[in-house]
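Notes for the one structure printed next.
Read-outs: derived from the displayed coordinates by stated rules, not from any lab. Everything numeric in this text was worked out from a predicted model, so none of it was measured. Glycine also receives a Cβ, built like all others from the backbone with ideal geometry; neighbour counts cover every protein chain displayed.
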Amino acid sequence: MSEAYKTKMSPRVKEILDEFQQSLENGISRIGFLNDDELHQVELEKIFGKRWNYMAHESEIPDRGDYVLRYIGDDAFAVTRGDDGTIHVLLDVCPHRGASVCRAEKGKSSHLRCPYHGWTFKNNGELVGTPSFMDAYKGLDRKEWGLTHAPRVENFHGFIFASLDENAPSLRESLDGLAWYLDMIFSLQEEGMEVLGEPQRFIIKSNWKVPAENFSGDDYHLLYLHKSTYDIGVMPVPLTENMKGYHIKAGNGHGLSFSIDMESNDPLFFFFPEEIVKTFNLENLSDKQLELARGSRVCVGNIFPNISFLMLPLSPDPKNIPPTPLFTWRVWRPIGKDEIEVFNWFFMYKNTPKEFKEASYRAAMATFGIAGVFEMDDAIPWEAATKNAKGTFARKKMKLNLQMGIEGMSSSKQVMDWPFPGIAYYPRFEEGNQRHMYSYYLRDMLKED
């Protein structure tokens, strides 16, 4: 790697981060760091260039030759299933003159061919074709000029992650305590999950940190921003009851929020109907995981930096259709300091009836799809906060409050006998998860290479 092309942190950015680190202890941040070009460039290098990034699910590329085009920050990668079934994550840059080799966002091909000069690569990245080889490149060692592989690739319950840091810890180690909770969700069925339809993609004029902190633990906004959806019965759990849950600092910047009813006489399992629960292989779970799954109503979380997920029951038509459990998984891809491309997948357990998958997909589209009632609500304040962070006066003067949950500030208290991984607080009137996320954001940003 050429050190000359690495983004250098300016004294100005260092001062911004140092100031934030000092104020975060008191639950204070500055609005300006939500819209800053210099910070964005450093984030691409020190956050997205070091952390594990979600790329695709194996059900999107089930057959040999399948590929999808995905992104880590501003770099494009082809996620392919090679002829031997192995999954590869390949930088979409031809090593000849730098053009892209993928001409579509998804497809099926044994080879990838650059449109510029015709250099041709197998779907495992190996260079196998160079036009006019004997006249132009007879001295070329093709083994040295294949497509560039992401340094690290791991598969977690069918979810494919990549890291651009060859020295990164393993994915499971990086997930820290969150891995235990994801194991619980993904292991309910032996066959795991599969994608329902294509991922939705849309642009929000927001900094990526705004939705990431929202999914980390901002249940407070439900009481006002989403109140209308509760009023009409989209969600079966009343607002005040839904706040009776737990925020969990899962380690390494990851945050979780559970709405749980441990006293329920009936097993809840996120309100999956009995016929679906019968398909669950509960022997896959530990006793503690089973205890948690049995009482779970809602689970929302963020895998730092920018991977968010949500499992809960919602209705697309409360007067006529009962709530159906759904699972949304999304990436807030930063395409600028004030803009993200949202990749939004809907999943369901593979071994469930087609009719149930269709009902879950309909519920997901009506609520967390591009025109969903929750999605449209959220985008308005996210865009406003990002726009306001650009204001000349605001960025110099405006403090933001992240103090909910600090001792004496709210009703939330640490659960000292929490039986599961992480540090938990009850009820969900607290912002410790957001402070946890930003503490690791600062750690990564200020860490010396």
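Near the amide H of Arg30, within less than 5 Å, lie the amide hydrogens of Leu400, all on another chain or at least 5 residues away, with H placed in the peptide plane.
A cut-off of 5 Å between modelled amide H atoms, ignoring neighbours fewer than 5 places along the same chain, links Lys337 with no other residue. Taking the longest Cα principal axis of the chain as reference, the axis of helix 11-24 is set at about 20 degrees. For the range 226-261 versus the range 105-163, the spacing of their alpha-carbon centroids is 45 Å. Our coupling estimate for the range 393-406, obtained by passing each phi through the Karplus curve with A = 6.51, B = -1.76, C = 1.60 and θ = phi - 60°, is 6, 4, 5, 8, 10, 7, 8, 10, 9, 10, 9, 4, x, 5 Hz, Gly and Pro reported as x. The Cα-based radius of gyration and maximum Cα-Cα distance (Dmax) for the chain are 22.8, 78 Å. Each of Thr148 and Leu282 was given a label point 7 Å from its Cα along the Cα-to-Cβ line. The distance between the two points is 5.0 nm.
What percent does the relative contact order of the chain come to when contacts are Cα pairs within less than 8 Å and at least six residues apart?
Working: 920 pairs, mean separation 90.3, N = 449.
Reported relative contact order: 20 percent.
For the Cα atoms of the chain, what angle does the longest principal axis make with the long axis of helix 373-388, in degrees from 0 to 90, nearest 10? The two axes meet at around 70 degrees.
Build a GNM of the chain with springs between Cα atoms under 10 Å apart, and of Met416, Met404, Met55 the one that fluctuates most is Met416.
Once the other residues with Cβ under 11 Å from the Cβ of Cys102 are scored (Lys, Arg +1; Asp, Glu -1), what is the net sum?
Details: positive: Arg70, Arg103, Lys106, Arg113; negative: Asp92, Glu105.
Neighbourhood net charge equals +2.
Under 18 Å Cα-Cα from Lys413, which lysines qualify once same-chain neighbours fewer than 8 residues away are excluded? Counting by Cα, and skipping residues close in sequence, Lys413 has these lysines nearby: Lys244, Lys249.
Taking 21 Å as the straight-line reach from the Cα of Lys390, the lysines in range (excluding those fewer than 8 positions away in the same chain) are Lys14, Lys205, Lys209, Lys337, Lys399. Applied to the range 176-183, the Karplus parametrisation 6.51 cos²θ - 1.76 cosθ + 1.60 on θ = phi - 60° returns per-residue 3J(HN,Hα) values of 6, x, 5, 4, 4, 6, 5, 4 Hz, with x for Gly and Pro.
Highest mobility in the GNM of the chain, judged by mean-square fluctuation with C-alpha springs under 10 Å and restricted to Arg152, Arg142, Arg64, is found for Arg142.
Amide H to amide H distances under 5 Å link Ala76 with Asp92, where only residues 5 or more positions off or on other chains count and H is placed in the peptide plane. Counting only other residues whose beta carbon sits under 10 Å from that of Ser259, what net charge do I get with K and R as +1, D and E as -1? Charge balance in the 10 Å sphere: 0.
Could you list Trp329, Trp145 in order of exposure, starting from the residue whose Cβ has the fewest other Cβ atoms within 10 Å?
Values: Trp329 21, Trp145 16.
Going from sparsest to densest Cβ surroundings: Trp145, Trp329.
Relative to the longest principal axis of the Cα atoms of the chain, the long axis of helix 354-368 makes an angle of roughly 80 degrees.
Taking 4.7 Å between beta carbons as the limit, the unpaired Cys residues of the chain are Cys102, Cys299. Scalar couplings 3J(HN,Hα) for the range 132-140, obtained by applying the Karplus form with A = 6.51, B = -1.76, C = 1.60 to θ = phi - 60°, are 6, 4, 5, 8, 9, 9, 5, x, 7 Hz; x denotes Gly and Pro. Between Lys205, Lys288, Lys122, the Gaussian network model of the chain with springs among Cα atoms under 10 angstrom shows the greatest mean-square fluctuation at Lys288.
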